[in-house]
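The values are calculated or read from the model by the stated rules, or taken from the named source; none is laboratory data. Since we're looking at a predicted model, the values are computed, not measured. Here the Cβ positions follow ideal geometry from the backbone for every residue, glycine too, while neighbour counts run over all protein chains shown. To get the accessible areas, we keep the full protein, side chains included, count just its heavy atoms, and leave off ligands, DNA and RNA. Shrake-Rupley method; radii C 1.70, N 1.55, O 1.52, S 1.80 Å.
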Amino acid sequence: MEIPDYDKALYYTLWGQWDELLVLMVRTNDDMLSKKIQLFLHAYHYSSEQAKIIESHDELLYYIDHAMKYTPPVAMEV
């Protein structure tokens, strides 16, 4: 069973797993998700403005939420 990129992105973002988020940024087929991750990680590592970090974090979460609404759920096989 493959976990969708949006679920991974949400998990990594909420738990602060930036290395895994970076790997996902490179591997995902969703260019917009990749760009949102890139902007957040760049702000997190290089910005001295906390407001910019929070804004890019929120934009990433909003995009993930939006994309998950249009992605069919994964069903587990028993």
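For the chain, the equivalent ellipsoid derived from the Cα gyration tensor has semi-axes of 24, 12, 11 Å, listed largest first. Gain on full extension, evaluated as 0.36 nm per residue between Trp18 and Glu55 minus their Cα-Cα distance, stands at 11.6 nm. Rolling a 1.4 Å probe over the protein heavy atoms of the stretch 5-70, with every protein chain left in place, gives an accessible area that is 52 percent carbon and sulfur.
Roughly how many debye, to the nearest 20, is the charge dipole of the chain about its Cα centre, given +1 on each Lys and Arg Cβ, -1 on each Asp and Glu Cβ, and no other charges?
120 debye
In this structure the stretch 1-70 gives 72 Å² per residue of accessible area when probed at 1.4 Å with all protein chains present.
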